[in-house]
Amino acid sequence: MKTLPLFPASIVGSIPRPLVVRELIEKPEWNETDRHTMDAAVRFVVALQEQAGLDVVNDGEWRRRSYIGVIAELAHGFTLEVNPADGRPWTVVTEKLTPKPAGFIAAEARFVKEVARVATKITLPAPALLGERLWDKDRSGKAYPTREDFVRDCVAPLRAEIALLQDMGVEMVQIDDPHLCLFVDPDVRKSYDDPDRAADFAVEMINETVRGFDGIKFAVHLCRRAGARVRGEKHHAGTYGPILNQLNRLKVQHLTMEFTAAGADDLESLSRLREDFELGLGVVDVTPGAPEAAALIVSRVERALTCIDRKRITLNPDCGFAPGSAAKVDTDEVYLKLKAEAEAARILRAKYA
């Protein structure tokens, strides 16, 4: 495990894929050239983050079709279809899950640890998020009559990967759960008979996923579907207040949270989070075309410092930079934003060390 400095600069998850990577992940089988090309590509995206000055890096999720659909690499029972609602690729559960040999995510983490010179993180989708996105009453109901049945069966393949990660020295395992964060939105809450029970279930499944693992720092990533906002879909509103009780029951050490979007910068809610949480504040806007300067990032962090101890704060973007597995976002823009984040971290260390 590498020791992190004050105000570490980190990444959340996805980084935009170049065409060569997008072509590779669509191939049903790889030859030796394909594997060599992907390894070289991941070396590049790790180097990009390190050159920008980050203290915590990942592989940009470049080996995955999507951050949610990666569950299909861990278990049989899924079908890749076209979503009739929007025409996008859709992984949907159609049969009872049976395990594939564990190791897909662990192999990602192992390669990043081998090539990175700084600390690393690896990401996993939250079980309740998988239920929200990959279960469909018509397509899934024969195998899983209820969404909750499917969600419970997602826990085991995720835990199998964590077991392999346990002794690997990855600095953080991040559970992505934008579904849980949507319960801040009054409109979303109205769509549930009991929104608090649904949020409780999401937390229960995360806690079951991480239960009993020692020597790993677990994080939960919360956002209100920042990628969907980029695609022009609904902007989910609301502060963290409605889910504070659920967040404070998470058996994790770190929360990675939106902070630039309206409502997400609610200091009153942040001040009511458990004091033992580290807070990865999204102080970099991931919206394409929105430039970010180090001084602006510093000002966002200093606003948080009015109620949060400096030793608890990590800097990171609001979300991943690639809003969808095939998103075309300028990599140079991402690099400049990460450079600004790292520069802001250096300014803050010099001022508050």
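Residues that are surrounded by fewer than 20 Cβ atoms within 10 Å (Cβ to Cβ) and either part of a loop (DSSP other than H, G, I, E, B) or among the hydroxyl-bearing types (S, T, Y) (or both) within the stretch 2-23 comprise K2, T3, L4, P5, L6, P18, listed in sequence order.
Just to confirm my filter: which strands (runs of 3 or more DSSP E) fall fully inside the stretch 24-134 and include at least 3 residues that are in contact with a strand residue (DSSP E or B) (Cβ under 6 Å, 6 or more places away or on another chain) and open to solvent by less than 10 Å² (accessible area, probe 1.4 Å)?
Fully inside the stretch 24-134 and qualifying: 119-125.
Being within 21 Å of V56 (Cα to Cα), without any contact (Cβ under 8 Å) to a residue 60 or more places away in the chain, out of contact with any Ser or Thr (no Cβ under 8 Å at 6 or more places or on another chain) and not polar (S, T, N, Q) is a property that does not hold for L270. Of everything listed in (1) closer than 29 Å to R17 by Cβ; (2) in contact with a helix residue (DSSP H, G or I) (Cβ under 9 Å, 6 or more places away or on another chain), the single unmet condition for D332 is (2).
The residue list R159, R189 contains one member that is over 18 Å from the mean Cα position of the chain (by Cα) and assigned to a helix (DSSP H, G or I), which is R189. Scanning the stretch 27-60 for residues that are free of Cβ contacts under 8 Å to residues at least 24 places away in the same chain and among the charged types (D, E, K, R) yields K27, E29, E32, D34, R35.
Show the residue pairs that are 6+ apart or on different chains and have beta-carbon atoms under 6 Å apart, the first residue being within the stretch 211-222 and open to solvent by 10 Å² or more (accessible area, probe 1.4 Å), the second being modelled with pLDDT of 95 or more and part of a loop (DSSP other than H, G, I, E, B). The qualifying pairs are K217/Q253.
The requirement of being basic (K, R), touching a Ser or Thr at 6+ places or on another chain (Cβ under 8 Å) and in contact (Cβ under 8 Å) with a residue 40 or more places away in the chain is satisfied by R300.
Answer with yes or no whether D149 is open to solvent by 50 Å² or more (accessible area, probe 1.4 Å), in a helix (DSSP H, G or I) and modelled with pLDDT of 95 or more.
Criteria met by D149.
Restricting to the stretch 263-319, and then to whatever is of a type in the set (D, E, K, R) and touching a helix residue (DSSP H, G or I) at 6+ places or on another chain (Cβ under 6 Å), can you tell me which residue is farthest from A119 (Cα to Cα)? The extreme case among them is R272. If the condition is being free of Cβ contacts under 8 Å to residues at least 60 places away in the same chain, out of contact with any helix residue (DSSP H, G or I) (no Cβ under 9 Å at 6 or more places or on another chain) and not acidic (D, E), then the stretch 71-100 contributes H76, V82, N83, P84, A85, G87, T98.
The values are calculated or read from the model by the stated rules, or taken from the named source; none is laboratory data. This structure is a prediction, so every number in the text was calculated from the model and none was measured. Neighbour counts run over all protein chains shown; Cβ positions are idealised from the backbone, glycine included. Surface areas here come from the heavy atoms of the whole protein model, side chains and all, with no ligands, DNA or RNA. Shrake-Rupley method; radii C 1.70, N 1.55, O 1.52, S 1.80 Å.
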